[in-house]
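In what follows, a structure is listed as structure tokens, so that the remarks can point back to it.
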Amino acid sequence: MSDITRLEPEERLCGAVIYNGLIHLAGQVADDPSLDVKGQMADILRQVDSLLSKAGTDKSRLLSVQIFLTDINDITEMNKAWDAWLDQDNKPARATVEAKLANPAWKVELTGIAALR
């Protein structure tokens, strides 16, 4: 049986959970909700890089990503941050949907799964 490792525990969740060769990312939101959607996404991707690094892996090992936008019309601006960050040789499966987020100031949230090295 594999051990379970929990990264960045908070009151109600962990930032990520490592189990059976995979890292499962909790929903990541911007630290600064006053940013526009592109800025929020860039901040989220910085957090994803940090969590993946703590787990000993990186964005090239992402398997799948789900992105939640409060306004689907923001997809072009969100994609500007995504495209600048994405490992073009190792694109994950991705879904992007419009959703109401827990804090109305958040414009985007991201969750995903990556393989460990």
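Residues in the stretch 1-23 that are surrounded by fewer than 12 Cβ atoms within 10 Å (Cβ to Cβ) and free of Cβ contacts under 8 Å to residues at least 24 places away in the same chain: Met1, Ser2, Asp3, Ile4, Pro9, Glu10, Glu11, Arg12, Asn20. Examine the stretch 29-44 for a residue that is surrounded by fewer than 17 Cβ atoms within 10 Å (Cβ to Cβ), closer than 25 Å to Thr5 by Cβ, of a type in the set (Asp, Glu) and touching a helix residue (DSSP H, G or I) at 6+ places or on another chain (Cβ under 8 Å), and state whether such a residue exists. Within the stretch 29-44, one or more residues are surrounded by fewer than 17 Cβ atoms within 10 Å (Cβ to Cβ), closer than 25 Å to Thr5 by Cβ, of a type in the set (Asp, Glu) and touching a helix residue (DSSP H, G or I) at 6+ places or on another chain (Cβ under 8 Å).
Selection of the stretch 76-98 for residues being outside any helix (DSSP H, G or I) and either in contact with a Lys or Arg (Cβ under 6 Å, 6 or more places away or on another chain) or exposed (fewer than 14 other Cβ atoms within 10 Å of the Cβ) (or both) yields Asp87, Gln88, Asp89, Asn90, Lys91, Ala93, Ala95, Val97, Glu98. Cβ-Cβ contacts under 8 Å between residues 6 or more apart (or on different chains), taken from a first residue in the stretch 66-95 that is over 17 Å from Gly112 (Cβ atoms) to a second residue that is of a type in the set (Asp, Glu), are listed as Thr70/Glu98; Asp71/Glu98; Ile72/Glu98; Glu77/Asp36.
Which one of these is within 12 Å of the chain's Cα centre (by Cα) and either modelled with pLDDT of 95 or more or not aliphatic (A, V, I, L, M) (or both): Glu98, Glu77, Glu109? Selected residue: Glu109, the only one of Glu98, Glu77, Glu109 that is within 12 Å of the chain's Cα centre (by Cα) and either modelled with pLDDT of 95 or more or not aliphatic (A, V, I, L, M) (or both). Of the residues making up the stretch 10-41, those that are among the small types (Gly, Ala, Ser) and in contact with a Leu (Cβ under 8 Å, 6 or more places away or on another chain) number 5. The set of residues in the stretch 1-58 that are touching a strand residue (DSSP E or B) at 6+ places or on another chain (Cβ under 7 Å) and either among the basic types (Lys, Arg) or assigned to a helix (DSSP H, G or I) (or both) comprises Arg6, Val37, Gln40, Met41, Ile44, Gln47, Val48, Leu51, Leu52, Lys54.
Scan Ala55, Ala26 and give me the residue that is at pLDDT 95 or above, under 10 Å from the mean Cα position of the chain (by Cα) and buried (at least 17 other Cβ atoms within 10 Å of the Cβ). First the steps, then the outcome.
Details: Ala55 fails: under 10 Å from the mean Cα position of the chain (by Cα).
Testing whether each residue is at pLDDT 95 or above, under 10 Å from the mean Cα position of the chain (by Cα) and buried (at least 17 other Cβ atoms within 10 Å of the Cβ) leaves just Ala26.
Considering only residues that are of a type in the set (Gly, Ala, Ser) and surrounded by 14 or more Cβ atoms within 10 Å (Cβ to Cβ), which ones fall in the stretch 106-117? Passing the criteria: Gly112, Ala114.
The values are calculated or read from the model by the stated rules, or taken from the named source; none is laboratory data. Since the model is a prediction, treat every value here as computed from it, not as a measurement. Cβ: placed from backbone, ideal geometry, glycine included. Neighbour counts: every protein chain shown.
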